[in-house]
Amino acid sequence: MNKDMAALPTQPDTALCDIRYTAGISIIVPTYREAENIPHLLRRINRVRKDTGLTLEVLFMDDASDDGSIEAVATSGFDWARIIVRDGGRGLSPSVIEGFAAARYPVLVCMDCDLSHPPEAIPKFVLALHTGQQFVIGSRYVPGGSTDDDWGFFRWLNSFIATVLARPLTTVRDPMSGFFALRKSDFDTARGLNPIGYKIALELIVKCGFENVGEVPIHFSDRCFGDSKLTLAEQLRYIQHLRRLYMFQFAGMMYLAQFLVVGASGVVVNLSILSLLFWAGLPEWLCFAGGIGVSLMTNFLLNRRFTFSYARHEPILRQFLGFASAALLGLVVNYAVALSLRMSVFEEGAFALQLSALTGVAAGMGFNFLGARYLVFRKRFIRK
Ligand SMILES: Nc1nc2c(ncn2[C@@H]2O[C@H](COP(=O)(O)OP(=O)(O)O)[C@@H](O)[C@H]2O)c(=O)[nH]1
Ligand SMILES: [Mg+2]
């Protein structure tokens, strides 16, 4: 989890002198139909370049905009700016990821082209990386950060809800920001990035497990030219993205939670079958056995289908025998723990018997879960 998310103090300009000797910055700008904005952005970046002496390149990752973007970069006269036209279909996150991979300098910055993000903040990002942060975000929601005044209530609410939903994943105040920086070496070691959706910073923070994430306050301006490409479909995709990140971050807990729900359903099945058989006039020993047998099967099938769905294409008989053996051993563990507790810790007192039994049940269930998770439904069964 990220430990240090406090806003970075605004650094005095003199501190920026040191960073001009940094090995270089690659600024990645995903673009789709931003021809009007490109010259303005490049002019502002050029001013930063001159003021700080930073070595940098700008890489526009364009999705075949066909609106004069290529010409806008070519005629800018800046040999440190280039445009890569992608042809694999549209997508903001994949553009950024490809841009990071193609970057030539060790510090990566990602920003929008629509002049929402002030390039003047980039030196502070670099400084923050130099002074120990692993990931730096241009933030609207830390002291000193702001948005243009004409943000309506619904736009604010939309952003607020999206941020709150990401809260269990990170304590960063503005994880929705598309303005951020990191080291290329950290990006190169990132595995399993999912290039879906708009929220690439959140994806990187969660998947790379950064310990130190800093937030630099920025003023977020409204776009001057062109239209936003953030559609409703893109926002719905965010929910999907969140679910994946939750699964990634809390996988162990999600498995246990689902296993417990299935276990509870097994209790209901057991009692129902038992009552049904008893009502049909069968002897009690058979009623108990029927209840246990059927609930064992429904538990197995539900766990196979939902809790450990990654292993549901593997041979069912082998899995069932493993599951039943783990359950049987779980009963033995349950019994042994309950009995030994009764003879040592809970020798006397009110509910001592019940407490021993409950602890036995918990130990048995824990054993069952671990057996199912790591032996019966092993991860190596995943099919690519
Ligand atoms: N390459 C690429 N860039 C995109 C795509 N969609 C949006 N962008 C760029 O991503 C940045 C942010 O998009 P924008 O429409 O401003 O989103 P908003 O700021 O959330 O309204 C801009 O520079 C866009 O040009 C896309 O499908 N492909
Ligand atoms: Mg924008």
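The values are calculated or read from the model by the stated rules, or taken from the named source; none is laboratory data. Predicted, not measured: the structure shown is a model, and the values here were computed from it. Cβ atoms come from the backbone with ideal geometry, glycine included; neighbour counts cover every protein chain shown. Areas reflect the complete protein model, heavy atoms only, side chains present, ligands, DNA and RNA absent. Shrake-Rupley method; radii C 1.70, N 1.55, O 1.52, S 1.80 Å.
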Spelling out what I want: for every residue of the range 196-205, take phi, set θ = phi - 60°, compute 6.51 cos²θ - 1.76 cosθ + 1.60 (Karplus), and round to whole Hz; glycine and proline get x. 10, x, 9, 9, 5, 5, 4, 4, 5, 4
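Loop-only trypsin sites (Lys or Arg not before Pro) in the range 73-126, please: DSSP not H, G, I, E or B, and at most 15 other Cβ atoms within 10 Å.
Details: sites: R82, R86, R90, R104, K124; in loops: R86, R90, R104.
Those that pass, being in a loop and sparsely packed, are R90, R104.
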Out of L370, L329, S356, whose Cα points farthest toward the positive end of the dipole of the range 252-381 (charges: +1 Lys, Arg; -1 Asp, Glu; placed on Cβ)? L370
What angle, in degrees between 0 and 90 and rounded to the nearest 10, separates the Cα long axis of helix 37-52 from the longest principal axis of the Cα atoms of the chain? 80
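With a cap of 16 neighbouring Cβ atoms within 10 Å, and only residues DSSP puts in a loop, list the trypsin sites (Lys or Arg not before Pro) found in the range 142-198.
On the way: sites: R155, R173, R183, K184, R191; in loops: R173, R191.
The qualifying sites are R191.
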Return the long-range amide H neighbours of S177 (sequence gap of 5 or more, or a different chain), with a cut-off of under 5 Å between placed amide H atoms. none
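Please state the shape class of the range 252-381: rounded when a/c is under 1.5, otherwise prolate if a/b exceeds b/c and oblate if not, all from the C-alpha gyration tensor. The partial results should precede the final answer.
On the way: a/c = 2.19, a/b = 1.22, b/c = 1.80.
It comes out oblate by the Cα gyration axes.
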Mind listing which GluC sites (Glu not before Pro) in the range 209-284 are in a DSSP loop and have 14 or fewer other Cβ atoms within 10 Å? E211
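If you take the beta carbon distance between Y310 and I239 as r and set R0 to 25 Å, what does 1/(1 + (r/R0)^6) give as a FRET efficiency, to the nearest 0.05?
Numbers: r = 21 Å, r/R0 = 0.86.
Taking R0 as 25 Å, the efficiency between Y310 and I239 is 0.70.
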Just the number please: accessible area per residue for the chain, 1.4 Å probe, all protein chains included, in Å². 52
Note, the range 169-185: 3J(HN,Hα) by Karplus (6.51, -1.76, 1.60, θ = phi - 60°), whole Hz, Gly/Pro = x, goes 8, 7, 8, 4, 6, 10, x, 7, 5, x, 10, 7, 9, 7, 7, 5, 4
Between 0 and 90 degrees, rounded to the nearest ten: what's the tilt of helix 92-102 against the longest Cα principal axis of the chain? 70
Let me have the 222 nm mean residue ellipticity of the chain computed from DSSP H runs of 4+ only, each contributing -39500 (n - 2.57), with the sum over all residues rounded to the nearest 500. -16000 deg cm²/dmol
Amide H of V58 versus every other amide H placed in the peptide plane: which residues, excluding those fewer than 5 positions away on the same chain, fall under 5 Å? I27, A81, R82
Going by amide H atoms built from the backbone, whose H comes under 5 Å of the H on E215, apart from near neighbours? L8, I137
Can you work out the base-10 log of I(q)/I(0) for the chain at q = 0.14 1/Å, using the Debye formula on its C-alpha atoms alone? -1.12
Please name which of T170, A257, G214 has its Cα lying farthest along the dipole of the chain towards the positive end, using unit charges on Cβ (Lys, Arg +1; Asp, Glu -1) and the Cα centre as origin. A257
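Tell me, what % of the accessible area of the chain is carbon and sulfur with a 1.4 angstrom probe?
Working: 12730 of 20090 Å².
So the carbon and sulfur contribution to the accessible surface is 63 percent.
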Here the range 270-277 yields Karplus 3J(HN,Hα) values (6.51, -1.76, 1.60; θ = phi - 60°; whole Hz; Gly and Pro given as x) of 4, 5, 5, 4, 3, 5, 4, 5
Computed for the range 13-249: size of charge dipole around the Cα centre, +1 on C-beta of each Lys and Arg, -1 on C-beta of each Asp and Glu, debye to nearest 20, value 660
Gained length - A23 relative to V332, 0.36 nm times residue gap less alpha-carbon distance: 104.9 nm
If you build the convex hull over the alpha carbons only and average its shadow over all orientations, what do you get for the range 149-252? Give it in nm² to one decimal. 7.7
